[in-house]
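First the structure, in the form of structure tokens, and then the observations on it.
The values are calculated or read from the model by the stated rules, or taken from the named source; none is laboratory data. Bear in mind the structure is a predicted one, so any value in this text is a computation, not a measurement. Cβ placement follows ideal geometry from the backbone for every residue including glycine, while neighbour counts extend to all protein chains displayed. Just the protein is used for accessible areas: all its heavy atoms, side chains included, with ligands, DNA and RNA removed. Shrake-Rupley method; radii C 1.70, N 1.55, O 1.52, S 1.80 Å.
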Amino acid sequence: MSEKQKHASAYWKENIKYLTILLLIWFVASFGCGILFREELNAFRLGGFKLGFWFAQQGSIYVFVILVFVYVRLMNKLDKKYGFDE
Amino acid sequence: MSVQTWTWILVGLTFALYFGIAIWARAGSTKEFYVAGGGVSPLANGMATAADWMSAASFISMAGLISFMGYDGSVYLMGWTGGYVLLALLLAPYLRKFGKFTVPDFIGDRYYSNTARTVAVICALIVSFTYVAGQMRGVGIVFSQFLQVDINIGVIIGMTVVLIFAFLGGMKGITYTQVAQYCVLIFAFMVPAIFISIQMTDSVIPQIGMGSKVDGGAFLLDKLDSLHTELGFKEYTSGSKSTWDVFAITLALMAGTAGLPHVIVRFFTVPKVKDARKSAGLALLFIAILYTTAPAIAVFSRTNLIETVSNQEYTEIPEWFKNWENTGLIAWADKNNDGKIQYVAGEALNGKKPIYTNERGASGERLISNANSETNELYVDRDIMVLANPEIAKLPNWVIALVAAGGLAAALSTAAGLLLVISTSISHDLIKKQLKPDISEKGELMAARIAIFVAILIAGIFGIYPPGFVAAVVALAFGLAAASFFPAIVLGIFDKRMNKEGAVSGMIVGIVLMLFYMIYFKTGLIGVMDPRPASEWWFGTSPEGFGTFAMIVNVVVSMVVSRMTPAPPMDVQEIVESIRIPSGAGEASSH
């Protein structure tokens, strides 16, 4: 395996690791807090919101936006690390 | 000034702006026509993507739907924004690196098969046409309501406008027009929301106002919950769908939206993979502004609606109520003859829409012939909530007119993007790639323009004569995209071993299963069978949520079949290797 290919497969592995973590957060914020565990979370309150309801109609969306920007940052760093940036 | 005058002024000004941009950004080559020359900045691309993504449905219908569905409406909020995360993380950067114009291009090359390409073209056309028909209808509704013209004339005006700037500018013109349209639509959406938030709560920001206290000292959401309980509705913050069904619908919407061809094509217009990622992030930010405001509007308008109409004398009711009654989107039947509007849980009518007789009742209301015997006396069309909201809250006339201009911007931008995908599918994927490979660039550009023209005519006809099954087919479009495109693209990137046999059999099984379920439980077959009742749904999954099920089956079939058949050829495996690496993306090309 050439140097370049080794680089490429190490890059890909790290990329997959990031994706797994980010998609886990994606799942927990929407399907977890907003759907599966909303009854439990509704016992808590955030101002006038029941917490589970807040996650379903507000919180999950904020998490999504943050996730995508974190992804952009992580990937830009990763590109630099392996010399794939341009 | 009257609402009419304001509407003419604002709609006129925004349209002049769109035309100016279309003329300024005329397309000269196929590359400019398909992908705006590949030189659009991430910020502009982010705004254009957001305008593309947010259709008349997002702008006009979504807040209204949520206001009637309460918690259940969350499926749209999470589904349509969460799908964007999938798009940004799993698809956009890789498809940009792949560097062809269209989704069928990717499917065709990755699975080294013209059959796969053809299946993808057909899916893209079905999805796009379904959408565009809805947009045209939306344009018609807005024009007819605010400019007081017939709905069909509204559709024709909309067709002409889209035609002019799509025809001239192609992707380049559309992209820069969409940037302007995003600004108009988000301004138009936010202004009334902020006004009403200040009016009802003491917060300027609607997202916070929704969870604040109202004048009486109670929290707004608690007040709405108790209003709901009093009138026999389910609590607003609880909803009535089962947890599993909410889960399935949300996932199907997410995967379905991530697979929409008109949004994916957007990422071919930026210069580098890095820009594709960044513009996906910006686009989601721009989308989130509208999507977090919509549930606030839903709560405000729901509370306002109940407080304004419940147990009020019809003769005392505000003007907006009678205006919408005249357009056929509100109906009231005085079942107990007390002259007051009883608005409680339950359907007021037999059938979906009110059927008006041409007479007026004792209080001056339009009589309807299909009232049922339940206690509820009021029918309100869900689509009017956003349009009527400023009137219900007694906002100034220019705000009401602004909403009209915003609704038009939303509908037109999405329609233009979709029409471009349709014309590209025909001129590039079908003519250039399959029927006549030696066509000149000029010839291809001409074919693309003719295809747009024909597509607009067909879309307009759909808008004027909406087929009765439009609503069912729209839901089907998401399910189909989830069950077909989405797994094929994701597996094509993340599973190097995935081959032609696996992907094609997975797509076919997914689509067929989805079609079967939709026909069996939702549309029925005319003259053969009626749709089966909800009590027979498999595992309690609604047809809207079944895309999740079909998608899982697609993935399983693809995996199993691909492992039993030969690995894809070396050059295809090299394509996969190369799209995983961001550098050297070059420009999107047709060859």
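Of note:
- Among (1) at pLDDT 90 or above; (2) at the interface with another protein chain (Cβ under 8 Å from one of its Cβ atoms), the one test that A:G32 misses: (2)
- Strands (runs of 3 or more DSSP E) contained entirely in the range B:346-385, each with at least 2 residues that are in contact with a helix residue (DSSP H, G or I) (Cβ under 8 Å, 6 or more places away or on another chain) and at pLDDT 80 or above: B:378-380
- Residue among B:E325, B:E307 that alone is surrounded by fewer than 23 Cβ atoms within 10 Å (Cβ to Cβ), more than 14 Å from every other protein chain (Cβ to nearest Cβ), in a helix (DSSP H, G or I) and out of contact with any strand residue (DSSP E or B) (no Cβ under 9 Å at 6 or more places or on another chain): B:E307
- Spans of helices (runs of 4 or more DSSP H) in chain A with at least 1 residues farther than 25 Å from B:G281 by Cβ: A:3-27, A:38-41, A:51-54
- When each of B:W324, B:W332, B:W398 is tested for being assigned by TED's automatic domain parsing to the domain that holds B:M190 and hydrophobic (A, V, I, L, M, F, W, C), the lone residue that passes is B:W398.
- Taking first residues from the range B:115-131 that are among the small types (G, A, S) and partners that are modelled with pLDDT under 75 and surrounded by fewer than 19 Cβ atoms within 10 Å (Cβ to Cβ), no Cβ contact under 6 Å between residues at least 6 apart in sequence or on separate chains turns up.
- Criterion applied to B:I450, B:I439 was being assigned by TED's automatic domain parsing to the domain that holds B:V191, without any contact (Cβ under 8 Å) to a residue 40 or more places away in the chain and not in a helix (DSSP H, G or I), and the one residue passing it is B:I439.
- The set of residues from the range A:35-57 being within 8 Å of chain B (Cβ to nearest Cβ) and either surrounded by fewer than 16 Cβ atoms within 10 Å (Cβ to Cβ) or under 30 Å from B:V270 (Cα atoms) (or both) comprises A:L46, A:G47.
- Cβ-Cβ under 9 Å pairs, at least 6 apart or on other chains, the range A:13-26 side more than 8 Å from chain B (Cβ to nearest Cβ) and surrounded by 12 or more Cβ atoms within 10 Å (Cβ to Cβ), far side basic (K, R) and in a helix (DSSP H, G or I): A:E14/A:K81
- For the range B:210-273, the helices (runs of 4 or more DSSP H) that sit wholly inside it and include 2 or more residues that are at the interface with another protein chain (Cβ under 9 Å from one of its Cβ atoms) and within 20 Å of B:G82 (Cα to Cα) are B:243-258.
- So B:I355, is it among the β-branched types (V, I, T) and open to solvent by less than 80 Å² (accessible area, probe 1.4 Å): no
- Evaluation of A:K80 against (1) modelled with pLDDT of 90 or more; (2) more than 9 Å from chain B (Cβ to nearest Cβ) (one fails), failing number: (1)
- For beta carbons closer than 6 Å, sequence separation of 6+ or different chains, a first residue in the range B:208-229 that is open to solvent by less than 10 Å² (accessible area, probe 1.4 Å) and a second that is of a type in the set (S, T, Y) and not in a loop (DSSP other than H, G, I, E, B), the qualifying pairs are B:G209/B:S197; B:L224/B:T303.
- Qualifying residue in the range B:183-196 (condition: open to solvent by 30 Å² or more (accessible area, probe 1.4 Å) and over 22 Å from B:A288 (Cβ atoms)): no
- Of the helices (runs of 4 or more DSSP H) lying entirely inside the range B:57-162, the ones with 3 or more residues being within 14 Å of another protein chain (Cβ to nearest Cβ) are found at B:63-69, B:74-86, B:92-98.
- Where A:R73 falls short, out of the listed (1) loosely packed, with under 15 Cβ neighbours inside 10 Å; (2) more than 7 Å from chain B (Cβ to nearest Cβ); (3) within 26 Å of B:Y236 (Cα to Cα): (3)
- Being at pLDDT 70 or above and either touching a Cys at 6+ places or on another chain (Cβ under 7 Å) or of a type in the set (G, A, S) (or both) is true of B:G108.
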